[in-house]
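Taking it in order: structure first as C-alpha cells, then the write-up.
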Protein chains: 2
Amino acid sequence: MFDVFQKYLEEKIKLTEQNLELIQSVSVIKKLRKHQYLLQADDVWQYNSFVCKGFVRTYYVDNKGQERILNFSPENYWICGDKASLASKKPSKYNIDAIDASEILLIRKTDFEMLCKKIPVLNDFINSISQENFIAMQERICVNITFTAEEQYTNFIQKFPAIANRVPKHMIASYLGISAETLSRLRKQATKK
Amino acid sequence: MFDVFQKYLEEKIKLTEQNLELIQSVSVIKKLRKHQYLLQADDVWQYNSFVCKGFVRTYYVDNKGQERILNFSPENYWICGDKASLASKKPSKYNIDAIDASEILLIRKTDFEMLCKKIPVLNDFINSISQENFIAMQERICVNITFTAEEQYTNFIQKFPAIANRVPKHMIASYLGISAETLSRLRKQATKK
DNA sequence: AAATACTCTTGACAAATGTCAAGAGAAATT
DNA sequence: AATTTCTCTTGACATTTGTCAAGAGTATTT
C-alpha cells in the first residue's frame, strides 16, 4: 500500500530514491475493517495519516449525545486528525473510524518532523496543503454562517459529489449540522423543481 | 508603532538586534481612520499584517446583500486577511475595515517569506500560530454545526469577553450567522434566568 | 444646539428547522 | 432463508429563527 502514497507524492513533488526510502522507513500501514476505529475520543493522537484505500470520517459526540461529523477523508487524502491533541499530547475529543474497509498510512509526529527537516520540498508541500486546508475551512465557516440548510446541501453535493454519492444521507446532515429529516425534506423539494 | 510589534515578538521569541532591524526595514505602518478600509473586495491582498493599535474586522457581503463578519482582529493580533488572495494573487472576496481608529503593521508577502527564511525562530513561531488558528477555526466549525444560537452567543462572550464588550451587538450576530433581532431576544431571555 | 446616523429593542407574523414516532425497503448478518 | 440492522422518508407538531416595521435612546456630525 505504500505505493499508493508514493504515487501521490511523486505526482506533487520530486523526491530522490533515498528520500522515498527514508519516508517508507517511518511509514506504517494500518488496515481497518468497516466501522473500526483509528482513533477514539480520550486517546492521544500522534500521527500524520493518509488514506491509501477506503474512506474514513472524523466525528465527535456533542453534549446532547449526537454524532457530529467534522470531516470526511477519502482515498488519496490526508486525515486531519486532531491537531490539538497532536500538538499538546492531550486526549482527543474526536473519533476517527472507517466508513469502508480502509488502509491508512501512519507516520509518527516526531518522524514526520524529521522528514520535513531533511526533505525541504516535502516541507514546502506540506505547508501548501496546510494552507489549502485553512482556506477550505474558512470557506466552510462562510457557508455555515451564510447559507440556509438547502443552500448548504446544494453547495456540498456540488463541491464534493464523490463523497455525496458514497456516504449515507444522515452523515451528510451531520456534517452540515442539520437533522436527517430536514435533509430528506430538502431533497424532496429539490426534485420537484 | 513598530515598538508594539517588537514587544509582542520579544515576548514570544528571541531575536537578535540585527533580526529586529531586518524586520523593521520591511515593515510599514498604516494608519486607519474609523471605518476606513484596509482591503476592499476585488482588490488583491498582499500582506501579512498585525494590529498595533485599534480594532479591525474582516467581512464579506453575501448573495443577499448582508454583511457577514468572518473575523475580529484586536490589538496585538494578526489579521487573517485573505490567504487565498495572498497565495493566488486573485481578487479578494473579503473586506477589512477599522472598527476603531487603528494602526496596522504591514509586511509584503515576499518580504515576509524572506524574513521566515532568514530567521528560523520566526518561521517556527509563525507556523505555531498558523496551527493555533487552524485549531481555533475547527473549534468554530464545531460550535457552528452543534450549538443553538443561544449556546453560540454564550460561548462567544465567554471566549471573547473583550471583543464582546467592544463591538456592537449586530456585529456579533453577523459573526455568529444569526439576525440582530434574534440576538437581542436571546439576550433578553438570558437576563430573565 | 440641531440634525443625522447608529444601536438596540420590540411586536407581529412567516418561514425554516427540529423532534418524536412510525414504517417501508435495502443491505448486512446469522 | 430468516433475522436484524441500517437508510430514508413522511406526518404531526413544537420550537427556533428570520423578516419587516417601528420606535426610543445614544453617539456622532454638522
Members of the stretch B:138-148 found to be open to solvent by 20 Å² or more (accessible area, probe 1.4 Å) and either in contact with a Ser or Thr (Cβ under 8 Å, 6 or more places away or on another chain) or within 7 Å of another protein chain (Cβ to nearest Cβ) (or both), listed by number
B:Arg140, B:Asn144
Could you count how many residues in the stretch B:109-126 are touching a helix residue (DSSP H, G or I) at 6+ places or on another chain (Cβ under 8 Å) and of a type outside the set (D, E, K, R)?
7
With the first residue restricted to the stretch B:174-192 and required to be more than 17 Å from B:Lys64 (Cα to Cα), and the second required to be within 8 Å of DNA strand D (Cβ to nearest atom), Cβ contacts under 8 Å at 6 or more apart or on different chains are B:Thr182/B:Ala149; B:Thr182/B:Ala173; B:Leu183/B:Ala149; B:Leu183/B:Ala173; B:Leu186/B:Ala149; B:Leu186/B:Glu150; B:Gln189/B:Glu150; B:Ala190/B:Glu150
Just one of the numbered conditions (1) more than 30 Å from B:His35 (Cβ to Cβ); (2) free of Cβ contacts under 8 Å to residues at least 24 places away in the same chain; (3) open to solvent by 30 Å² or more (accessible area, probe 1.4 Å) is not true of B:Ser130; which one?
(1)
Among (1) farther than 19 Å from B:Leu9 by Cβ; (2) out of contact with any strand residue (DSSP E or B) (no Cβ under 8 Å at 6 or more places or on another chain); (3) away from every other protein chain (no Cβ under 12 Å), the one test that B:Leu122 misses:
(1)
Among what's in the stretch A:71-107 and is assigned to a helix (DSSP H, G or I) and small (Gly, Ala, Ser), pick the residue that is nearest to A:Ile141 (Cα to Cα).
A:Ala84
Which residue out of B:Phe147, B:Phe112 is more than 12 Å from DNA strand C (Cβ to nearest atom) and among the aromatic types (Phe, Trp, Tyr)?
B:Phe112
Could you tell me whether any residue of the stretch B:101-119 is within 12 Å of DNA strand D (Cβ to nearest atom) and surrounded by 14 or more Cβ atoms within 10 Å (Cβ to Cβ)?
yes
Could you list, in sequence order, all residues of the stretch A:149-193 that are more than 10 Å from DNA strand D (Cβ to nearest atom), within 12 Å of chain B (Cβ to nearest Cβ), surrounded by fewer than 17 Cβ atoms within 10 Å (Cβ to Cβ) and not in a helix (DSSP H, G or I)?
none
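The values are calculated or read from the model by the stated rules, or taken from the named source; none is laboratory data. Not measured: the values here are computed from a predicted model. Here the Cβ is made from the backbone with ideal geometry for all residues, glycine too, and neighbour counts use every protein chain on show. The protein model used for the area step is the full one, side chains on, heavy atoms only, and it has no ligands, DNA or RNA in it. Shrake-Rupley method; radii C 1.70, N 1.55, O 1.52, S 1.80 Å.
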